[in-house]
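Chemist: One structure, pasted below without further comment.
The values are calculated or read from the model by the stated rules, or taken from the named source; none is laboratory data. Here the structure is a predicted model, which means the values were calculated and not measured. We place every Cβ from the backbone using ideal geometry, glycine too, and count neighbours over all the protein chains shown.
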Amino acid sequence: MQFEGIAAIVTGGASGLGGATAELLARRGAKVTVFDLNAELGEAKAVEIGGKFVRVDVTDEAAVTAGLDVAEAAHGIARILVNCAGVGSAQRTVGREFQPASLAGFTKVVAINLIGTYNTLAQFAARAAAIEPLGEERGVIVNTASVAAYEGQIGQAAYAASKAGVVGLTLPVARDLAQYGIRVMTIAPGIFLTPLLASLPEPVQKSLGQQVPFPSRLGQPSEFAMLVESIISNPVLNGETIRLDGAIRMAPR
């Protein structure tokens, strides 16, 4: 898939991994629309990259439809989708005084990370499937999972389950969309310098980075974006999840 002049959508594109991805796609000549709930950061990112911002809740089917309509009106039907919208929260299955974890908390994480990913990619694919191919393909979808999908830590039941779901849907959705020439890939990042981690004290950041075998540091969002670029560029990458983690295997805590 080429970049120049191609319409692209990045969910969670206002900051972090999504923000770096939006920047890279724009530098490569793509016409980028950022979907995010943070209007202030989203508008600023759109101005920075010369793109478009739409406030979208990825768990809301109508909101995603409306967002795609706005993006299409501005840039045409998108051929690239990068799903970075996500949240994380920590709660043990059984908490203090033997209380079960909040079901609402579990549901929210799964709704955003897993259902939101599927909601967006399905609607994107329905539009991309109807347009003429460029060469041998019509579109590319890149989802974001996490190494927590494989080694979820204490308190990460909801987050790990949601990200494992993203890993699990990658191959069947790729098989579903193969007839339309739409590829589907997923990246499972390790410990990256996202806005959440950037807010932690420097010694804590350094300690986290030292858990990574090599390079022993936090990953940079730009390095995540580099893998997105490679996936989009390589037409044989399809139906797989790539760990981007410096060989870390997460301990229980």
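Chemist: Give segment 196-216 a look and list any residue that's part of a loop (DSSP other than H, G, I, E, B), touching a residue at least 12 places away in the same chain (Cβ under 8 Å) and closer than 21 Å to Gly88 by Cα, or say none.
Modeler: Gln211, Val212 - these are the residues of segment 196-216 that are part of a loop (DSSP other than H, G, I, E, B), touching a residue at least 12 places away in the same chain (Cβ under 8 Å) and closer than 21 Å to Gly88 by Cα.
Chemist: While we're here: Return only the number of the condition from (1) modelled with pLDDT of 95 or more; (2) buried (at least 21 other Cβ atoms within 10 Å of the Cβ); (3) more than 13 Å from the chain's Cα centre (by Cα) that Ile80 does not satisfy.
Modeler: Of the numbered conditions (1) modelled with pLDDT of 95 or more; (2) buried (at least 21 other Cβ atoms within 10 Å of the Cβ); (3) more than 13 Å from the chain's Cα centre (by Cα), the odd one out for Ile80 is (3).
Chemist: With the condition kept exactly as written, say whether any residue in segment 171-187 is among the hydrophobic types (A, V, I, L, M, F, W, C), under 17 Å from the mean Cα position of the chain (by Cα), assigned to a helix (DSSP H, G or I) and crowded, with 18+ Cβ neighbours inside 10 Å.
Modeler: yes
Chemist: Moving on. Tell me, please, whether a residue that is outside any loop (DSSP other than H, G, I, E, B), among the basic types (Lys, Arg) and at pLDDT below 95 can be found in segment 116-134.
Modeler: Checked against the condition, which is being outside any loop (DSSP other than H, G, I, E, B), among the basic types (Lys, Arg) and at pLDDT below 95, segment 116-134 yields no hits at all.
Chemist: Being surrounded by fewer than 18 Cβ atoms within 10 Å (Cβ to Cβ) and either in a loop (DSSP other than H, G, I, E, B) or at pLDDT below 95 (or both) is the filter here, so list the residues in segment 135-150 that pass it.
Modeler: Selection gives Gly135, Glu136.
Chemist: Still on this model: Residues Val142, Val147, Val173: which one is β-branched (Val, Ile, Thr) and touching a Ser or Thr at 6+ places or on another chain (Cβ under 8 Å)?
Modeler: One residue alone meets the criteria, Val142.
Chemist: Okay, next question. Limited to segment 221-253, what total is found for residues that are assigned to a loop (DSSP other than H, G, I, E, B), touching a residue at least 40 places away in the same chain (Cβ under 8 Å) and surrounded by 13 or more Cβ atoms within 10 Å (Cβ to Cβ)?
Modeler: 9
Chemist: Restricting to segment 66-77, count the residues that are within 17 Å of Val142 (Cα to Cα) and surrounded by 23 or more Cβ atoms within 10 Å (Cβ to Cβ).
Modeler: Total satisfying the criteria: 1.
Chemist: Take Ser89 and tell me if it is more than 25 Å from Thr120 (Cβ to Cβ) and small (Gly, Ala, Ser).
Modeler: No; evaluated as a whole, the condition is false for this residue.
Chemist: Then there's this: May I ask you to verify whether Thr33 is buried (at least 24 other Cβ atoms within 10 Å of the Cβ), under 21 Å from Arg79 (Cβ atoms) and free of Cβ contacts under 8 Å to residues at least 60 places away in the same chain?
Modeler: Against the criterion (buried (at least 24 other Cβ atoms within 10 Å of the Cβ), under 21 Å from Arg79 (Cβ atoms) and free of Cβ contacts under 8 Å to residues at least 60 places away in the same chain), Thr33 qualifies.
Chemist: Sticking with this one: Of these, Phe53, Phe3, which one is touching an Asp or Glu at 6+ places or on another chain (Cβ under 9 Å), among the aromatic types (Phe, Trp, Tyr) and either within 20 Å of Ser233 (Cβ to Cβ) or surrounded by fewer than 24 Cβ atoms within 10 Å (Cβ to Cβ) (or both)?
Modeler: Selected residue: Phe3, the only one of Phe53, Phe3 that is touching an Asp or Glu at 6+ places or on another chain (Cβ under 9 Å), among the aromatic types (Phe, Trp, Tyr) and either within 20 Å of Ser233 (Cβ to Cβ) or surrounded by fewer than 24 Cβ atoms within 10 Å (Cβ to Cβ) (or both).
Chemist: Same structure again: Report, ordered by the first and then the second residue, all pairs with beta carbons closer than 7 Å, sequence separation of six or more or different chains, a first member in segment 45-73 that is closer than 24 Å to Ala20 by Cβ, and a second member that is in a helix (DSSP H, G or I) and of a type in the set (Phe, Trp, Tyr).
Modeler: Leu68/Phe124
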